[in-house]
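Here is the structure we will look at.
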Amino acid sequence: MSGFPPPRVTARPRIAWIAGTRGEILLLGPLFQHYIRRSVRNSRPGEPLSWLLTTGEHGMAAWQALDLLNLVPDEAGELCHPADEPAVRLGAMLARAEAFVRQRKATHVVFAGFGPTAAGAALY
């Protein structure tokens with residue numbers, strides 16, 4: 001027997017990108033685009049799998065930001081009503097973030113932000 005150990009198999013990172021407000025999309029969008037372009041161009045074993053969720057927190061303003069950056073989310077939550085109570089919105093964002101991450105068996109979650117989507121992702 002040779003003294004070399006067997007090659008180590010590493011699992012592909014599974015990354016969920018979560019944004020809900022227009023500001024969050026404008027912050028994360030360019031990073032998501034750069035990261036995805038790099039991993040598609042240099043596709044090798046072990047390259048991460050990535051998905052983008054927009055939670056619908058900012059409604060049409062979020063879609064305008066997505067259009068500006070030429071991004072299409074892998075999943076979009078239903079639009080929130082502007083009059084929703086913050087506690088109701090936080091509960092909805094936590095449920096959406098948890099379901100999205102769990103369904104994709106994500107190993108990492110990337111988020112930024114200011115509101116219930118960021119709080120929901122952080123709590124998850």
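The values are calculated or read from the model by the stated rules, or taken from the named source; none is laboratory data. Worth saying up front: this structure is predicted, and the values here are computed from it rather than measured. Note: ideal-geometry Cβ built from the backbone for every residue, glycine included; neighbour counts use all protein chains shown. These accessible areas exclude ligands, DNA and RNA; they are computed on the full protein's heavy atoms, side chains included. Shrake-Rupley method; radii C 1.70, N 1.55, O 1.52, S 1.80 Å.
Values as computed for the structure displayed
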| read-out | value |
| --- | --- |
| Residue within the stretch 71-80 that is open to solvent by 60 Å² or more (accessible area, probe 1.4 Å), more than 14 Å from Ala19 (Cα to Cα) and of a type outside the set (Val, Ile, Thr) present | no |
| Search result, residues across the stretch 90-115 that are touching a residue at least 40 places away in the same chain (Cβ under 8 Å), open to solvent by 30 Å² or more (accessible area, probe 1.4 Å) and not hydroxyl-bearing (Ser, Thr, Tyr) | Arg96, Arg104, Lys105, His108, Val109, Val110, Phe111, Gly113, Phe114 |
| Any chance Arg37 is open to solvent by 50 Å² or more (accessible area, probe 1.4 Å), modelled with pLDDT under 90 and under 16 Å from the mean Cα position of the chain (by Cα) | yes |
| Ala87, sole failed condition from (1) of a type in the set (A, V, I, L, M, F, W, C); (2) touching a residue at least 24 places away in the same chain (Cβ under 8 Å); (3) assigned to a helix (DSSP H, G or I) | (2) |
| Any hit, the stretch 81-97, residues being closer than 15 Å to Thr54 by Cβ, within 12 Å of the chain's Cα centre (by Cα) and modelled with pLDDT of 85 or more | yes |
| Residue in the stretch 94-110 that is within 14 Å of Ile25 (Cβ to Cβ) and in a loop (DSSP other than H, G, I, E, B) present | no |
